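Each reported figure results from applying straightforward, stated rules to the coordinates on display, with no laboratory input. Worth saying up front: this structure is predicted, and the values here are computed from it rather than measured.
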Amino acid sequence: MTGAGIGGTGCGAEASAPFVRELTEAGSLLRLVREPEGGLDNFRTAGFAGWALEKTSVLVLIAEDQANIREILRISFEDGGFAVLPAATAEEAMAALDSRGDDVRALVTDIKLGAKATGWDVARHAREMKPDMPVVYMTGSDGHEWASLGVQNSILVPKHFAPAQILTAVSQLLNAGPTPGT
């Protein structure tokens with residue numbers, strides 16, 4: 001971390017305008033929404049004093065055609081502090097990305113999602129919109145195709161899994177990615 005704050009440059013270029021900094025904590029997003037009194041120079045000496053924190057949930061798109069698995073994951077993610085956007089088909093998931101893509105921070109997708117498009121397609125669609133979108137694949141049978149069809153820097157979790165495994169995978173990818181808002 002530089003003297004300019006989370007994700008800051010320390011060069012003072014941001015000092016002329018109000019700015020927002022974000023960092024993830026578990027399933028929540030902490031958004032620093034107010035510049036400290038005295039600007040960035042004061043921040044260097046006062047730390048976080050004077051910052052206003054706004055806690056919001058990280059939105060995760062969960063694409064799973066099996067309703068019971070989708071519901072278990074929804075409950076688990078919400079219990080973990082995440083917001084969830086569920087989808088039962090690849091087409092629903094891609095439509096959700098088209099309409100809410102700016103808000104979606106991570107994708108969890110089954111590979112087999114019906115007759116037409118697959119989880120591979122959903123992940124590629126997500127990455128076209130956001131190249132660093134965290135992607136976690138779930139599968140009971142198609143894991144052998146992950147190396148050739150999966151997006152880079154994704155995680156594959158074979159079924160049958162504990163919901164905590166999926167939560168951990170998403171958190172791992174969110175924490176490994178670039179600082180949001182930079």
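Observations, loosely collected:
- You can think of it this way: the chain between Ala67 and Ser148 has 26.4 nm of extra reach, that is 0.36 nm per residue less the Cα-Cα gap.
- Separation between Cα centres of the range 134-161 and the range 72-100, rounded to whole Å: 17
- Shape of the range 58-170, Cα gyration tensor, a/c cut at 1.5: rounded
- Using 0.36 nm per residue and subtracting the Cα-Cα separation, the extra length available between Ala115 and Gln172 on full extension is 17.4 nm.
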